[in-house]
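Asker: Structure provided below as structure tokens; questions to follow.
The values are calculated or read from the model by the stated rules, or taken from the named source; none is laboratory data. Just so it is clear, the model here is predicted, and its values are computed rather than measured. Cβ: placed from backbone, ideal geometry, glycine included. Neighbour counts: every protein chain shown.
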Amino acid sequence: MARREHTRGELQRKLALRGHAEKTIGVVLDELAQQSLLDEHRFVEVFVRSRAGRGQGPVRIAQEMRARGVPDELVRTGLPVQDSLWAQHARKVLAKKFPTAIGDLKDRAKRIRFLEYRGFSHAQIAAALVGSANADHHD
């Protein structure tokens, strides 16, 4: 816990693997939450900022949070929902990886696959590609 934020689910699994009783785990996790040492809202905030900083999109970030045991409601409220912001982010990620203008259809498909893997939605990818094409024409 000293190195990074954890979710309740992560700590519960770790303690269970080490052989601690479920009842004891629940009491300890409740105590940590009361002392603000375990705060899933804080985890989500830090996690989203960290993953976005690595160039990941909202789809992938949400999947990773769910895999770590973050409740769906917290995933929904913790991720910014504005597609335009995510499209801008996708455009920056794309420009860093592919600094040249889009070439042929094969090149375009490669860029789409890259952004899909990074976790951007199809709408965000389309907006990013249109935005990057417009930026290329204005240079």
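Asker: Check E10, E5 and return the single one that is surrounded by 13 or more Cβ atoms within 10 Å (Cβ to Cβ), touching a residue at least 24 places away in the same chain (Cβ under 8 Å) and either touching a Gly at 6+ places or on another chain (Cβ under 7 Å) or part of a helix (DSSP H, G or I) (or both).
Answerer: Working: E5 fails: either touching a Gly at 6+ places or on another chain (Cβ under 7 Å) or part of a helix (DSSP H, G or I) (or both).
The match here is E10.
Asker: List the helices (runs of 4 or more DSSP H) inside region 27-139, counting only whole elements, that have at least 2 residues being outside the structural domain of L15 (by TED's automatic domain parsing), surrounded by fewer than 18 Cβ atoms within 10 Å (Cβ to Cβ) and in contact with an Asp or Glu (Cβ under 9 Å, 6 or more places away or on another chain).
Answerer: Working: elements: 40-53, 58-67, 72-78, 83-97, 105-118, 122-138.
Helices (runs of 4 or more DSSP H) meeting the threshold: 122-138.
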